[in-house]
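The values are calculated or read from the model by the stated rules, or taken from the named source; none is laboratory data. These figures come from a predicted structure and were not determined experimentally. Glycine also receives a Cβ, built like all others from the backbone with ideal geometry; neighbour counts cover every protein chain displayed. Surface accessibility is based on the protein's heavy atoms, side chains included, excluding ligands, DNA and RNA. Shrake-Rupley method; radii C 1.70, N 1.55, O 1.52, S 1.80 Å.
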Amino acid sequence: MIPISVPFIDQQEIDAVAEVLKTGMLVQGKNVLAFESDMTKWLSPEHKAVAVSNGTAALHMALVALNVGVGDLVAVPTYSWPATANAVELCGAQPLFIDIEDQTWGMDPDKLEHALAQAKQKKQNVKAVIVVHAFGCPAQMSPLMSICRDYNVPLIEDAACAIGSTWNGKNVGTLSTMGCFSFHPRKIVTTGEGGLISTTDANMDRNLRALRNHGQDPLATSPDFISAGFNYRMTDFQAALGRVQLGKLPQMLEKRRQLAQIYIDLLSKKTSLGFQTPLKEMQTNWQTFAVTLPRNVQRQEIVQKLSQKGITAMMGTWHIPLIRYFKTKYGYQHGQFPVTDQVFAQSMSLPLHHTMTEENLVMISDAVAAALT
Ligand SMILES: *Cc1c(COP(=O)(O)O)cnc(C)c1O
């Protein structure tokens, strides 16, 4: 079976982790600091980087650091991994779901503006906006950033999928108050479980470092606790793994971009599939290669036919308002988020990873074309 994704782990990672294990110093320590400094170099020199236990923890902490709580609304896109909206619920706040647009599959700027205007009229407190770079493809940051500026609402990027993606030459995850990353094995850079928050704000950085470590003030010379913090720390051997992975990122990005281009060329010749489309000012990392099937096609049938040929294909990600928890709690219905309804129903992700060859792509695109006829 050709899997959807494979982490790129070799002897270098194994050696780096083993070295830390041999020291007996396992929890957050000098490797976490070094990983954070590597991430700062990668993201931008102005950005501080706070490593945490996973991407969901990063989102949760970012909201807590903005004092999001009971009675607040946080705008989130409807099409994402549930963690984006769960983080809002974990703070006692309520997600204000915004439909996506059909190019980047990120939050629709016009619909955000409309929702913020309505909330303002109703005197509701929208405490933050979280945009998602869906499958690694940057959301439409130009209008989204300017709307958040106009309404004076802090913007958070859920860049869990998007390490290495850029907007106007800048790394996504550095375009907002806080950028949240994940290093889950489905993402391009992995630490097993892991996450990170980037910010340029020194005060926010201090609060985040305290929040991940039981509230302990990172600047105090003797132990002092300044908030009711979590334990959201990354372990030191995960950070050692992350450092090696980060070193491979340029190589992984290049390979993925080559493969994605070949996929698009082959599939547009052979099929009538639609594609997630980055705008011209964006470069995506192609963390997940997702296509849309024609409306009259049942995805499950295509997935089965591909599986018979040894190819893993699967649905894209979730229509969050329609998963049981949110649907039951808030009563969302099909039809309220029409673009998400359609992308959720018709999107399909195909294998894309560093071990794949052009021959694999030819075979897969032939199989997809055959399955569609
Ligand atoms: C993976 C992912 C998360 C969660 O990250 P974890 O590290 O698995 O907690 C959040 N948001 C998006 C968009 C993701 O893809």
If you go through Gly169, Gly229, Gly164, Gly215, the only one that is of a type in the set (Gly, Ala, Ser) and under 24 Å from Glu13 (Cβ atoms) is Gly164
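To keep it simple, each residue is scored yes or no on (1) away from the ligand (no atom under 16 Å from the Cβ); (2) under 24 Å from His353 (Cα atoms).
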site: Ile98; (1), (2): no, no
site: Glu101; (1), (2): yes, no
site: His114; (1), (2): yes, no
site: Gln118; (1), (2): yes, no
site: His133; (1), (2): no, yes
site: Pro138; (1), (2): no, yes
site: Pro154; (1), (2): yes, no
site: Val172; (1), (2): no, yes
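So which helices (runs of 4 or more DSSP H) stay within region 1-94 end to end and still have 2 or more residues that are in contact with a strand residue (DSSP E or B) (Cβ under 9 Å, 6 or more places away or on another chain) and among the aromatic types (Phe, Trp, Tyr)? Spell out the reasoning first.
On the way: elements: 11-23, 30-43, 55-65, 83-90.
Filter on region 1-94 gives 30-43.
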Restricting to region 174-186, name every residue that is within 12 Å of the ligand (Cβ to nearest atom), touching a helix residue (DSSP H, G or I) at 6+ places or on another chain (Cβ under 8 Å) and in a loop (DSSP other than H, G, I, E, B). Phe183, His184
Among the residues of region 335-357, which ones are touching a helix residue (DSSP H, G or I) at 6+ places or on another chain (Cβ under 6 Å) and open to solvent by 50 Å² or more (accessible area, probe 1.4 Å)? none
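Taking the options Trp81, Trp167, Trp105, name whichever one is under 23 Å from Pro45 (Cα atoms) and either aromatic (Phe, Trp, Tyr) or open to solvent by 40 Å² or more (accessible area, probe 1.4 Å) (or both).
Working: Trp81 fails: under 23 Å from Pro45 (Cα atoms); Trp105 fails: under 23 Å from Pro45 (Cα atoms).
After applying the criteria, what remains is Trp167.
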Scan region 307-331 residue by residue and report those that are among the hydroxyl-bearing types (Ser, Thr, Tyr) and either within 20 Å of the chain's Cα centre (by Cα) or open to solvent by less than 20 Å² (accessible area, probe 1.4 Å) (or both). Thr317
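When you check Gln304 against the structure, is it open to solvent by 20 Å² or more (accessible area, probe 1.4 Å), touching a residue at least 24 places away in the same chain (Cβ under 8 Å) and not in a loop (DSSP other than H, G, I, E, B), yes or no?
Details: open to solvent by 20 Å² or more (accessible area, probe 1.4 Å): yes; touching a residue at least 24 places away in the same chain (Cβ under 8 Å): no; not in a loop (DSSP other than H, G, I, E, B): yes.
Against the criterion (open to solvent by 20 Å² or more (accessible area, probe 1.4 Å), touching a residue at least 24 places away in the same chain (Cβ under 8 Å) and not in a loop (DSSP other than H, G, I, E, B)), Gln304 does not qualify.
Which ones in region 158-170 are more than 10 Å from the ligand (Cβ to nearest atom) and in contact (Cβ under 8 Å) with a residue 12 or more places away in the chain? Show your work before the answer.
Of all residues in region 158-170, those more than 10 Å from the ligand (Cβ to nearest atom) come to 163-170.
Ile163, Gly164, Ser165, Thr166, Trp167, Asn168, Lys170, listed by residue number.
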If I filter region 41-60 for residues that are away from the ligand (no atom under 16 Å from the Cβ) and hydroxyl-bearing (Ser, Thr, Tyr), do I get at least one hit? yes
